[in-house]
1. Can you list residues from other chains, or at least 5 along the same chain, whose modelled amide H is less than 5 Å from the amide H of residue 319?
2. Kindly state, to the nearest 0.05, the FRET efficiency for residue 39 paired with residue 452, given R0 = 35 Å and r defined as their beta-carbon distance.
3. What area, in nm² and to one decimal, does the C-alpha convex hull of region 255-373 cast on average over all directions?
4. Go through 227, 33, 529 and say which Cα lies farthest out towards the positive end of the charge dipole of the chain; charges sit on Cβ, +1 for Lys and Arg, -1 for Asp and Glu.
5. Rounded to two decimal places and with Rh computed the Kirkwood way over Cα pairs, what is Rg over Rh for the chain?
6. If every alpha-carbon in region 341-476 counts as one equal scatterer, what log10 I(q)/I(0) does Debye give at q = 0.22 1/Å?
7. Quick check on region 492-570: what are the equivalent-ellipsoid semi-axes from the Cα gyration tensor, as sqrt(5λ), descending, whole Å?
8. Over the chain, calculate the relative contact order: mean separation of alpha carbon pairs under 8 Å at least 6 apart, over the residue count, as a percent.
Amino acid sequence: MRTPVGACFALATQVCAAQAPLHIPELLTGNEFNLLLQEGTNDFFPGQTVATYGYNGAQLGPTLELQRGSVVTLNVTNLLPDLTTTHWHGLHVPPEDDGGPHSLILPNTTWSPSFTVLDRASTFWYHPHGHGLTDYQVSMGAAGMIIVRDDAEAALALPRDYGVDDIPLILQAKAIMEGQIMLHTGLDSVILANGVRNAFKELPAQVVRLRCLNGASERTFNLGLSNNMPYHVIGTDGGLLSAPVQLTRMTLMPGERAELLLDLSGMEGEQVVLRSYASELPNGIIGSAAVGNGMATLDGYDQNALNGADFDLITFTVGAPTSEPIMSIPQTLVPTEPYAEAAATVTRTLELRPQNMGPMEMIEGPFLINDALMDMDVINLTVPLGSTEIWRIENNTPVAHPIHIHDIQFNVLDRNGLAPEPWETGWKDVVHVPPMGVVRVITRFDDFADAEMPYMYHCHLLMHEDEGMMGQFLVVDPNSVNETEPSEPSIALWPNPTQNGLVTLRAPNYVAGAYITVTDALGRALSPSIRQIAKDTWQIALEGIVPGAYVVSFIDPSGRAAVRTASLITQ
Ligand code: C2O
Ligand code: CU
Ligand code: CU
């Protein structure tokens with residue numbers, strides 16, 4: 001069954017019967033947030049129950065409102081039958097709090113990072129980021145929005161009433177076939193706004209703010225309004241622009257966010273549809289009429305009616321204004337002070353190319369960054385703390401890639417030698433790199449030096465990411481390298497005590513050839529069964545073990561810490 005593309009579009013003033021009210025995710029505020037990542041079900045189509053994932057519910061998750069400058073703790077409990085992580089996309093946090101692929105959350109355990117919110121007011125998001133697991137878990141529904149508020153934003157006359165004139169909009173496309181969410185089919189024909197098909201929302205007849213997030217695995221949206229009325233972009237990934245930019249179209253690639261103001265004053269009783277004008281997308285972008293090189297096209301691509309077609313994202317009906325409406329678009333916002341090109345001391349190139357040059361592989365991947373696929377044990381780049389850098393992203397593939405860098409926000413210097421459009425001159429953490437094109441971005445790595453825990457950079461098309469179009473970088477403090485010996489990496493065991501003799505061991509920074517032993521109090525070796533469940537994680541089963549104290553040793557003959565031990569209690 002396929003989404004009826006634009007089926008309701010002809011009705012001017014009345015909401016089509018098949019439409020459903022937009023779901024507004026619950027808003028959580030304060031300093032401590034509890035997220036339970038769990039399984040659920042959802043009826044995307046009447047009478048068809050589909051298995052989903054969500055945080056604190058069956059699908060998506062609550063919106064987290066964070067105040068800049070506050071210290072927050074986020075408790076993420078994994079109730080899934082699988083490993084996961086949760087990444088705070090766009091937030092400037094230490095690498096161990098970032099929720100990248102090294103911060104595994106095992107089933108039935110809780111991960112509780114705590115950090116200071118340093119970001120400018122903007123729209124961020126959270127989603128799973130386990131190596132090779134991201135597409136599945138995000139497609140199943142695990143994702144939520146983060147709103148950061150600050151004083152500069154609070155001083156502006158902007159809509160700020162969550163769910164009334166300040167609307168979260170998580171835009172996604174999913175493949176739902178035979179009652180299941182499917183990956184990698186090219187048939188992602190179900191369009192969702194906050195998890196709802198054919199969504200509608202009544203908005204007041206005044207200035208309204210839409211926080212658009214492209215949370216799709218691969219589809220780019222080209223945002224426009226059905227009556228072609230202009231809207232104003234006020235913010236991008238990591239902050240507000242210095243002034244609103246009036247547009248009738250903007251492309252939003254997977255991972256990107258944009259805050260739009262819509263002036264609906266005087267429009268009470270009318271209807272306007274937010275659509276994707278994908279017929280206008282340049283070829284090579286997933287969602288455009290053609291991705292390929294004339295010789296091949298992506299699997300299923302030509303069968304998907306959304307590709308190269310214009311389709312509805314959400315219908316807005318305009319109701320009465322609120323009692324204290326915002327009635328005009330501000331002239332100016334927050335000065336952005338972009339990084340100056342002259343300040344950069346380092347230029348690096350990320351070169352994107354297909355791993356194999358067959359006609360299919362050139363458009364489907366896997367894709368390499370600087371000739372490498374992601375390897376959890378390899379640090380690809382080391383950045384000195386405080387360095388201002390230009391990252392030059394050179395795309396030698398016929399496909400457009402949204403490239404994302406963790407830790408920082410950057411400014412776009414140029415694309416194929418041309419200055420970015422005005423809407424793209426603010427703070428960004430995902431950038432559109434066109435087919436066979438070059439984009440240069442500039443940023444500074446000011447905080448959070450860590451000699452061991454890396455940040456990620458990757459393509460935000462989740463299939464590309466999962467297939468290894470990702471690399472790892474360390475931020476290191478050049479002045480502290482000689483002062484402190486690198487700390488001996490320890491091993492972690494949990495649960496400890498263990499009741500059933502099942503225990504998980506994590507040993508970061510080991511090299512191939514390492515092995516695990518378990519001995520009792522008298523030094524006698526046991527013979528547990530050991531199964532590797534992730535790059536640096538093993539499950540140890542000590543069946544029928546006598547309750548008592550044991551020593552687990554992780555022996556890494558060529559590593560920096562040859563023998564690492566931990567005591568284990570069994571009950
Ligand atoms: Cu939105 Cu590395 O991710
Ligand atoms: Cu991220
Ligand atoms: Cu890609």
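The values are calculated or read from the model by the stated rules, or taken from the named source; none is laboratory data. It should be emphasised that the depicted structure is a prediction, and the values quoted were computed from it without experimental measurement. Methodologically, a virtual Cβ is constructed for each residue, glycine included, from the backbone with ideal geometry; neighbour enumeration extends over all protein chains shown. Accessible surface areas use protein heavy atoms only, side chains included; no ligands, DNA or RNA. Shrake-Rupley method; radii C 1.70, N 1.55, O 1.52, S 1.80 Å.
1. Excluding prolines and chain starts, which carry no amide H, the hits are 203, 205, 269.
2. Computed FRET efficiency for residue 39 and residue 452: 0.55.
3. That works out to 12.8 nm², a quarter of the Cα hull's surface.
4. Working it through, the farthest residue towards the positive pole turns out to be 529.
5. Across the chain, the Cα-based Rg/Rh ratio is 0.98.
6. Computed log10 I(q)/I(0) values: -1.40.
7. Rounded to whole Å, the semi-axes are 20, 14, 10.
8. 11 percent
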